[in-house]
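The values are calculated or read from the model by the stated rules, or taken from the named source; none is laboratory data. Just so it is clear, the structure is predicted and the values come from calculations on it, not from any experiment. When we count neighbours, we look across all protein chains shown, and the Cβ atoms used for this are built from the backbone with ideal geometry, even at glycine.
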Amino acid sequence: MLPSEQRLNLAQAKWRYRYSDREFSTKLFKILVKKNKLAASRFGFLLTGKLGKASKRNLAKRRLTEAVQEKIGDLPSGFDFIFIGYPTIIESSYEEIRTSLHQVLPKISLL
């Protein structure tokens, strides 16, 4: 689980869905990036009810959170990241999610 100072409350950050600074996409998820005025980066994860039952969504969300937590040191600080899952993430394994994150990391590191 991410520390509380690195969690982004999506209910309070709805405006970020529309007005992100950068956007990165993979076959499993989309990442919205917005500069914040804090020293640390914050992370939010969104998987809608359209993706399936709650147990499958929660499993996919835990896998995505774990993959991000593993690579948190490689991400730049001072940004808010919102990860939005695509339907393909529901049936994906942890290794596939991790590989997908590794593919987009070089682009994010250039911020």
Note on the range 67-96: residues part of a loop (DSSP other than H, G, I, E, B), of a type in the set (G, A, S) and either within 21 Å of M1 (Cβ to Cβ) or modelled with pLDDT under 90 (or both) are S77, S92, S93
Checked against (1) surrounded by fewer than 20 Cβ atoms within 10 Å (Cβ to Cβ); (2) not in a strand (DSSP E or B), L64 satisfies every condition except (1)
For the range 79-99, check the following and say yes or no: at least one residue is buried (at least 19 other Cβ atoms within 10 Å of the Cβ) and more than 13 Å from the chain's Cα centre (by Cα). yes
Here the residues within the range 86-111 that are touching a Ser or Thr at 6+ places or on another chain (Cβ under 8 Å) and under 16 Å from G44 (Cβ atoms) are L101
With the first residue restricted to the range 28-46 and required to be crowded, with 16+ Cβ neighbours inside 10 Å, and the second required to be of a type in the set (D, E, K, R) and assigned to a loop (DSSP other than H, G, I, E, B), Cβ contacts under 7 Å at 6 or more apart or on different chains are V33/D21; K34/D21
